[in-house]
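See structure below.
The values are calculated or read from the model by the stated rules, or taken from the named source; none is laboratory data. As the structure is a prediction and not an experimental result, all values here were calculated from the model. Methodologically, a virtual Cβ is constructed for each residue, glycine included, from the backbone with ideal geometry; neighbour enumeration extends over all protein chains shown.
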Amino acid sequence: MLNQETKRKIDSARDILVGKVPDPKAQVEQITTALIYKFMDDMDKTSQELGGKARFFTNGYEKYAWTKLMDAKLGGHEKLDLYMEALAKLSLNPHIPQLFRDIFKDAFLPYRNPETLSLFLKEINGFTYEHSEDLGDSFEYLLSVLGSQGDAGQFRTPRHIIDFIVDVVNPKKDDTICDPACGTAGFLISAYKHILKQHDGKNDPENKEKPLTPDERKKLMDHFTGYDISPDMVRLSRVNLYLHGFPNPTIYEYDTLSSEEKWDESFDVMLANPPFMTPKGGIKPHKRFSVQANRSEVLFVDYILEHLRPNGRAGIIVPEGIIFQSGNAYKQLRKLLVEENYLWAVVSLPAGVFQPYSGVKTSILFLDRELAKKSDSVVFMKVNNDGLDLGAQRREIKENDLPTALMLLNSYKKNITSNNLPQTNDLETLTKNTISIFVPKSKIRELGDYYLTGERYKEINELKNQKWPMVELGDICIVLDSKRRPVTKADRKSGKYPYYGATGILDYVDGFLFDEKLVLVGEDGAKWGKGEKTAFIAEGKYWVNNHAHVMRPIRDRLIDEYLVPVLNSMDLTPYITGVTVPKLNQERLRSIKIPLPPIEVQKKIVEEVESYQKIIDAAKQIVNSWKPEIEINTAWELKKISEVAEINPSKPKFKEWDLDKDVFFLPMSVLDTNSPNPKKMEKRKLKEVINGYTCFKNDDVLLAKITPCFENGKSGIVKLDGVGFGSTEFIVIRADRSKVEPLWLWYFIFSDSFKINGIPKMSGSAGQKRLPVTYVENYEIPVPNLETQKAIIATLKLNYDYIKNTKENIIPQLEQKIQAVLEEI
């Protein structure tokens, strides 16, 4: 299992490389090469310690052994030369596996800096392995830094989602398992670990688990197959499997959708997160697919259906197009899934699961041919939280629906298998847990489009308890999309009329298309989650491009000011189509149903909502416009920052026995852009950060010097006991407390004038520009006496506390009141 120390070492190795190797994929390749290099030497040493012989570095290759490379007698340039020579020669070494020879065949060092290489190799040298699976876990974590393979529509599947799918599908030791778009082999490794766990003797009160024999383990490894069209992914997945104990990984470079070479193979279990993007012009598949299509997501699901054995099982991540696109191929595929007894469950995932690489909305299809034949229903589940927030950083949170979903799905499977679950004949059969619903196949069939979203069927059931009738927008609004017209930025002539897009005013132009109050709703380029403000009112004379729908409510039935908050309070994501460009098309817009009370009731609701909204708008204006302001007295003496503070003070000396102690660590990401208070800091061992990082102590002011962090205003004051370490891209400013307060210093480096004057001083290549230390040293600030500084700071802090309370407490409370009013409808 990956421990924190190993995880931190990989982070440290990446931090050492980032200045010379900024591309994450290239970092992965450099660390992969070095880890495998060291791993081979470790195995040689273990063999020799046990009385055997070296296997890899032998017969003329001894001088390239990692141990020789790390000899303290080697100077920096000698080490650089030896490492570069080794990378060139190891691909010719007949004593290492072909898999590793292939890796070293393409290996090279993209920089020539001896100091960077020495730091990097020293970090890699710190890895220790009890057996190869430890290296495998390290490699798994390393692969997690890979981002979007956007050109192919591929996104790395989060580990917890992979494990959830594998736990539901529940592969067994005798199953043959395939991932037809395997990427880095995450699904295959998770399935392998899942099977090993079934035979570890733990959580086995009836003593039914039997450990796998060596022969069974060997046979098990022959049951895993992966395909990928990318040679890079094939190489990474082979290494990943090898480092998890697979001596000969069966991963093939193969075009799953266009080649027929492996078409006749079939499997007991298939697991996949296939690429969603279809190249321009579409896929050109062969004719053996049941569904004739040229969209990759349709063809991959069809491929899996075609290659499952008679009692086969599968878990597939799919985009929303599969769930409710109206095209013939999509509908045909959904019908096949339901009518031919493949599909037994659909789990809807939150839209941010693939952050920061993509906000695409996805679902999981669970197939089981045996289970689906026994049940007359399909289970629909909606996972609102997966244990991580939906922001770009995906930080851990308490809310997590996945364990509940797994428990319910497993319970459902068990009951169906034992014929204990009543067969559902209507939509009244709901689980007690609100995230799931059973829908009879007859109801799915009856509606004709075979949509695979639980919301569609749940809505029908909820109508019986609805306070007001539910009416489609198409029946109470006139859609005026035909009158809108886009104008490219180059062709726009500046004027006084607002130019609207999906999210509001984009520009002002010299003409207008509309001269009335209308409701606009984002078509593409918007957000459609609950509370996302995708609907808004436009008034007067204005222009609308083709990224916002334009609607005129039939006003004797519907008020504009009622429609907008109702739409914004709804989760509209089930209506979104498209993968690379999510879209609320006009057909879907018209089909959205809203509660429609009488006009007088609508007016009262609007009055109550607007009373809260006015207070919210005023509070937001205060929060957004607030900046700490100090009225400068011209009598105050101007001093250079270097006269009142030490810039980048030297690192203190540490005793050897201190190296295992924990110290604070502050990544760039936790510095704020509008507050002196960094977010929560991490802890690391001193020995991991003592080299290659910036050192600071309590009350030091940190300033980000690299673009775009400097321009964005990343800065702060650290509060800690002892010392801390952080990014090398920090400038540390240590106040002379006899002359200046740290918060006084921070105020002036936070100021707009400091940034505006500093930006022209930055130098370096695009994306790597840095602020020179001399700019900070020579920047002049007013310095009154300490008593004056403290008095002004105390006033600023009172104002800041008020703003913080308004932002974090008052505004959310008022927004909840609006939501409560709308939920009462």
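Strands (runs of 3 or more DSSP E) wholly in the stretch 283-400 with at least 2 residues that are in contact with a Phe, Trp or Tyr (Cβ under 9 Å, 6 or more places away or on another chain) and at pLDDT 95 or above - which ones?
Working: elements: 308-319, 343-348, 362-368, 377-382, 386-388, 396-400.
Ranges flagged: 308-319, 343-348, 362-368.
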For the stretch 489-498, check the following and say yes or no: at least one residue is in contact with a helix residue (DSSP H, G or I) (Cβ under 8 Å, 6 or more places away or on another chain) and either touching a residue at least 24 places away in the same chain (Cβ under 8 Å) or assigned to a strand (DSSP E or B) (or both). no
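So is Pro279 modelled with pLDDT under 85 and within 28 Å of Val353 (Cα to Cα) or not? Quick ask: steps written out before the conclusion?
On the way: modelled with pLDDT under 85: yes; within 28 Å of Val353 (Cα to Cα): yes.
Here the answer is yes, as Pro279 does meet what is asked.
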Return the pair list, or none, for Cβ contacts closer than 8 Å from residues in the stretch 657-668 that are touching a residue at least 12 places away in the same chain (Cβ under 8 Å) to residues that are exposed (fewer than 14 other Cβ atoms within 10 Å of the Cβ), at least 6 apart or on different chains. Asp662/Lys683; Val663/Lys683; Val663/Gly722; Phe664/Lys683; Phe664/Gly722; Phe665/Lys683
Enumerate the strands (runs of 3 or more DSSP E) found wholly within the stretch 500-589, keeping only those where 1 or more residues are under 24 Å from the mean Cα position of the chain (by Cα) and under 23 Å from Val318 (Cβ atoms). none
What are the residues in the stretch 442-469 that are modelled with pLDDT of 80 or more, surrounded by fewer than 14 Cβ atoms within 10 Å (Cβ to Cβ) and touching a strand residue (DSSP E or B) at 6+ places or on another chain (Cβ under 8 Å), if any? Trp468, Pro469
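Those residues that are of a type in the set (Ser, Thr, Tyr) and assigned to a loop (DSSP other than H, G, I, E, B), I need them from the stretch 635-652; list them, please. Before the answer, list the steps.
Applying the first criterion (of a type in the set (Ser, Thr, Tyr)) to the stretch 635-652 yields 642, 650.
Once the filter is applied, which keeps residues that are of a type in the set (Ser, Thr, Tyr) and assigned to a loop (DSSP other than H, G, I, E, B), the stretch 635-652 yields only Ser650.
Looking at the stretch 473-496, which of its residues are of a type in the set (Asp, Glu) and surrounded by 14 or more Cβ atoms within 10 Å (Cβ to Cβ)?
Residues of the stretch 473-496 of a type in the set (Asp, Glu): 475, 481, 491.
Asp481, the sole residue that qualifies.
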Return yes when Pro94 is modelled with pLDDT of 85 or more and within 16 Å of Met40 (Cα to Cα) and no when it is not. yes
Sort out for me the helices (runs of 4 or more DSSP H) sitting completely within the stretch 752-823 that have 3 or more residues that are in the same structural domain as Pro649 (by TED's automatic domain parsing). 752-758, 773-778
Look at the stretch 614-629 and say how many of its residues are β-branched (Val, Ile, Thr) and either at positive phi or touching a Ser or Thr at 6+ places or on another chain (Cβ under 9 Å) (or both). 2
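Restricting to the stretch 306-315, and then to whatever is touching a helix residue (DSSP H, G or I) at 6+ places or on another chain (Cβ under 9 Å) and surrounded by fewer than 24 Cβ atoms within 10 Å (Cβ to Cβ), can you tell me which residue is nearest to Ser258 (Cα to Cα)? Give the derivation first.
First, pick out the residues of the stretch 306-315 that are touching a helix residue (DSSP H, G or I) at 6+ places or on another chain (Cβ under 9 Å): 308-315.
So of that shortlist, the ones also surrounded by fewer than 24 Cβ atoms within 10 Å (Cβ to Cβ) come out as 308-312.
Working: Leu308: 18, Arg309: 21, Pro310: 24, Asn311: 26, Gly312: 23 Å.
Out of the qualifying residues, it is Leu308.
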Output for the stretch 399-410, where each listed residue is loosely packed, with under 13 Cβ neighbours inside 10 Å, farther than 15 Å from Pro350 by Cβ and of a type outside the set (A, V, I, L, M): Pro403
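Let's see how each residue does on (1) assigned by TED's automatic domain parsing to the domain that holds Val701; (2) part of a strand (DSSP E or B); (3) exposed (fewer than 14 other Cβ atoms within 10 Å of the Cβ):
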site: Ile632; (1), (2), (3): no, no, yes
site: Asp660; (1), (2), (3): yes, no, yes
site: Phe664; (1), (2), (3): yes, yes, no
site: Pro676; (1), (2), (3): yes, no, no
site: Arg684; (1), (2), (3): yes, yes, no
Of the residues Gly60, Gly51, Gly126, Gly76, which is in contact with a Ser or Thr (Cβ under 8 Å, 6 or more places away or on another chain) and not hydrophobic (A, V, I, L, M, F, W, C)? Gly76
Qualifying residue in the stretch 705-728 (condition: crowded, with 20+ Cβ neighbours inside 10 Å, of a type outside the set (Lys, Arg), over 29 Å from the mean Cα position of the chain (by Cα) and not in a strand (DSSP E or B)): no
Can you tell me which condition Leu702 does not meet? The list is (1) touching a residue at least 60 places away in the same chain (Cβ under 8 Å); (2) surrounded by 18 or more Cβ atoms within 10 Å (Cβ to Cβ); (3) over 20 Å from Ile803 (Cα atoms), and all the others hold. (1)
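Here's the yes/no breakdown for (1) closer than 26 Å to Thr6 by Cα; (2) in contact with a His (Cβ under 7 Å, 6 or more places away or on another chain); (3) not assigned by TED's automatic domain parsing to the domain that holds Asn240:
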position	(1), (2), (3)
Thr32	yes, no, yes
Phe56	yes, yes, yes
Glu78	no, no, yes
Asn113	yes, no, yes
The residue that is farthest from Glu610 (Cα to Cα), considering only those in the stretch 497-541 that are buried (at least 21 other Cβ atoms within 10 Å of the Cβ) and among the hydroxyl-bearing types (Ser, Thr, Tyr), is Tyr499
Enumerate the helices (runs of 4 or more DSSP H) found wholly within the stretch 111-181, keeping only those where 2 or more residues are modelled with pLDDT of 90 or more. 114-125, 159-169
Gln602 being modelled with pLDDT of 90 or more and either part of a helix (DSSP H, G or I) or closer than 26 Å to Phe276 by Cβ (or both): yes
In this structure, is Ser727 closer than 16 Å to Met668 by Cα and in contact with a Pro (Cβ under 7 Å, 6 or more places away or on another chain)? yes
